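Engineer: My structure is below; once you've seen it, I'll send some questions.
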């Protein structure tokens, strides 16, 4: 420890610790760091050298979208993201709805109409990143991507969707 303190004395004129360096430049000791934090200069210096990560607007929105998606995928057994104005989405909603799921807060199904969200394009992009497509509708069964509209309609028609829904105890 003496060697380090001796070296610090050569660099800064002081042997005490802590001594804070940012980007190779001496900021000061503990009191100096606290003062810089209070007056905002510490954050500025950290940003200048790329040592401080601040999420940009897109990253904040993606985090909010992720929390929203994860919440519903964990809360409902059947979760469908759709655009209520899209004829194909309405067709899927009607077909799935025809299975007579329990409704309301304690029900196992939710249809999330994302076109009413200000961030619907970012929302669709997030779905693409996770599941390889941004087209709607997208249906999730027990938190796992089940399929797009064509797959769901086909599975409802041949009875395999209802069977899967019963397997996860959603009906």
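A short reminder: the numbers here are calculations on the coordinates, not readings from a lab. Quick caveat: nothing in here was measured; it's all calculated off a predicted structure. When we count neighbours, we look across all protein chains shown, and the Cβ atoms used for this are built from the backbone with ideal geometry, even at glycine.
Engineer: Let me have the 222 nm mean residue ellipticity of the chain computed from DSSP H runs of 4+ only, each contributing -39500 (n - 2.57), with the sum over all residues rounded to the nearest 500.
Structural biologist: Details: 8 runs with 89 residues, N = 171.
The per-residue figure over the chain is -16000 deg cm²/dmol.
Engineer: Using only the alpha carbons of segment 112-156, determine the length spanned along each of the three principal axes and report them from longest to shortest in whole angstroms.
Structural biologist: For segment 112-156, the Cα spread along each principal axis is 32, 19, 18 Å.
Engineer: Here is a follow-up. Taking the Cβ of each residue in 117, 166 as the centre, tally the other Cβ atoms inside 10 Å and list the residues starting with the fewest. Don't skip to the answer; put the middle values down first.
Structural biologist: On the way: 117 14, 166 11.
So the residues, fewest neighbours to most, are 166, 117.
Engineer: To continue, here is another question. Answer rounded, prolate or oblate for segment 2-48, using the Cα gyration tensor with square roots of eigenvalues a ≥ b ≥ c: rounded when a/c is under 1.5, else prolate when a/b is larger than b/c, else oblate.
Structural biologist: Working: a/c = 3.47, a/b = 1.96, b/c = 1.77.
It comes out prolate by the Cα gyration axes.
Engineer: Now for a different question. Given the Cα atoms of the chain, and with Rh set as the inverse mean 1/r over their pairs in the Kirkwood sense, what is Rg to Rh to two decimals?
Structural biologist: Dividing the radius of gyration by the Kirkwood radius yields 1.34.
Engineer: Where does helix 149-158 land angle-wise versus the long Cα axis of the chain, in degrees 0 to 90, nearest 10?
Structural biologist: It works out to around 40 degrees.
Engineer: Cut-off 10 angstrom, C-alpha nodes, Gaussian network model of the chain. Which of 155, 94, 36 fluctuates the most?
Structural biologist: 36
Engineer: Quick one: among 141, 11, 99, which has the greatest mean-square fluctuation in a GNM of the chain with alpha-carbon springs under 10 angstrom?
Structural biologist: For the chain, modelled as a Gaussian network with Cα springs under 10 Å, the answer is 11.
Engineer: Something else about it: Taking other Cβ within 10 Å of each residue's Cβ, how do 156, 78 sort, fewest first?
Structural biologist: 156, 78
Engineer: Still on this model: Taking Cα atoms, how many degrees apart are the long axis of helix 30-39 and the longest axis of the chain, rounded to 10 and kept between 0 and 90?
Structural biologist: Approximately 50 degrees, to the nearest 10.
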